[in-house]
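The values are calculated or read from the model by the stated rules, or taken from the named source; none is laboratory data. Values in this document were obtained by computation on a predicted structure and should not be read as measured data. Note that each Cβ is placed from the backbone with ideal geometry, even for glycine, and that neighbours are counted across all protein chains shown. In case anyone asks, the SASA skips ligands and DNA or RNA and just uses the protein heavy atoms, side chains included. Shrake-Rupley method; radii C 1.70, N 1.55, O 1.52, S 1.80 Å.
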Amino acid sequence: AALSGAVTLMDSRDTDTARADAISTFNEHLVGEMASGMTLVVQFSVNLRPFTPTNANTADYVRTIVTDFGRPYFLASALPGIGTTKVIGASAVAGKQPLAGGSQVCDIAPLLVCGDVADTDPSDGTLFGIKYDDGTGTNGKYCLKSSSSPGGNGNDNGNDNGNSGINWPEDCENEAIHNDAVNADIGPGNFQLIQLDCGPGGDCVRENLAGGYGACLSDSSAVTTKPGNSVGPVAQGFNTRFGIYQGNMSRADYPPDLVTTADISYNAYKTAYADEAWTEADGAPQRRVMAVPIGDCGAEEVGPGQTDVPVLGLGCFYMSDPTEQNGQNNWLKGYLVRDCAASGSPSVNPETNSVGFGPARIILFKNPDSSAS
């Protein structure tokens, strides 16, 4: 019940929906004599320690409690003053565990966003120079893939003529970061794509952007770029998340998100999840929210063609729109949001890293208010 509620809370950011799912999961597992006389209490907290019950949708932790389950005594009932029954209970706590500091991070997108190495504190509303969206869609739309300006051919050979200049649309706020804070884009021939166990050509890009990458980054300190614009494969793979299928992409292999309505705010997207107002009943959850490496594209070791880029951290991006191919131009647009579901290895001591931003997994924690948890 705790795990079910925590997963729903991360997906919907709605405590009412999370409570309903926790109770539903709990009730589904009650059989026999357990099916009567048990009431589940569901609590939420922004922090793990202290666990302070709240209904705020910013909560990260769920506690489920049963306190009133009567069990009969057998041999002990023969002792004086014991009685015939004892009321027992149980509790569990589950919540978000950021993957920062872990040995592996999985489920990442084959993209790279360039960031400001000097900005490491997300508490001011930005991370690595990228603004966090407040959910309304009015604060910081970013392009997660650049395109070639006129004269660049965007081919896959990794030479300098593939990127004679970066072409950013006017509504992408990361243009200022690239020009001012970083003072460099990725080296010539690169368009924000990275290698993820990928062979040459566009087939691997297409499958990886559709979500076909099943391995993990065992070392998230750097990523290797994949030169070439690959506009067709990018659009064909990425747009499966919006229920658009081209280039032999299959709905059975790559289902859409449950909510594919384009150009809606992150708040509206989460509300659709909470209300189960799904546009794709056979879709998969959270396909439009991706974990993306943020790199130091201005580092000295970053060069033209295939190159290694130091990773500053990982960000979660809510993708607002499908992409359209226009010649050698296509952009992937999204907003940096607080967290997203991923898998991997959390830090060695999760208690010290239990609050944060970025990709996270849901795990069980020891109930700080119960020695029996």
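Taking amide H as placed 1.01 Å from N in the peptide plane, the amide H of Lys333 sits under 5 Å from that of Leu144, Ser320, Asp321, each at least 5 places away or on another chain. These residues, Leu75, Leu209, Leu312, go from largest to smallest accessible area, 1.4 Å probe, as Leu75, Leu312, Leu209.
Across region 226-238, rounded Karplus estimates of 3J(HN,Hα) from the backbone phi angles (6.51 cos²θ - 1.76 cosθ + 1.60, θ = phi - 60°) give 10, x, x, 7, 6, 4, x, x, 4, 5, 5, x, 5 Hz, Gly and Pro being marked x.
Per-residue SASA remark: Ser91, around 30 Å² accessible (1.4 Å probe; ligands, DNA and RNA not included). Once all protein chains are placed together, Phe51 keeps about 20 Å² accessible to a 1.4 angstrom probe. In sequence order, region 317-323 has phi-based couplings of 10, 8, 8, 7, 9, x, 9 Hz under the Karplus curve 6.51 cos²θ - 1.76 cosθ + 1.60, θ = phi - 60°, and Gly or Pro positions carry x. Shape call for region 20-76 from the C-alpha gyration tensor, a ≥ b ≥ c root eigenvalues: rounded (a/c under 1.5), prolate (a/b greater than b/c) or oblate? Oblate is the answer for region 20-76, as a/c is 1.5 or above yet b/c matches or exceeds a/b.
Sorted by average packing, counted as other Cβ atoms within 10 angstrom per residue and highest first, what order do 6-15, 111-120, 297-306 take?
Details: 6-15: 23.0, 111-120: 20.4, 297-306: 16.5.
Highest to lowest by the protection proxy: 6-15, 111-120, 297-306.
The phi-based Karplus calculation (6.51 cos²θ - 1.76 cosθ + 1.60; θ = phi - 60°) puts the 3J(HN,Hα) values of region 40-51 at 8, 9, 10, 10, 10, 8, 6, 10, 7, 10, x, 7 Hz, whole numbers, x for Gly and Pro.
With +1 on the Cβ of every Lys and Arg and -1 on the Cβ of every Asp and Glu, and nothing else charged, how large is the dipole of region 244-352 about its Cα centre, in debye rounded to the nearest 20?
On the way: 6 positive and 15 negative charges, 35 e Å.
Magnitude of the dipole: close to 160 debye.
On average over all directions, what projected area in square nanometres does region 217-279 have, based on the convex hull of its Cα atoms? Write down the numbers at each step before the final one.
Working: hull surface 26.9 nm².
Result: a mean projected hull area of 6.7 nm².
Most simply put, region 199-328 has about 90% antiparallel DSSP beta bridges, counting only bridges with both residues inside it. Backbone amide hydrogens, once placed in the peptide plane, bring Asp339 within less than 5 Å of Gly358, excluding anything fewer than 5 places away on its chain. For Ala222, the residues whose amide H sits under 5 Å from its own are Val311, ignoring neighbours fewer than 5 places away on the same chain, with H placed 1.01 Å from N.
Here the accessible area is traced with a 1.4 Å probe on the protein chains. For region 1-61, carbon and sulfur cover 55 percent of it.
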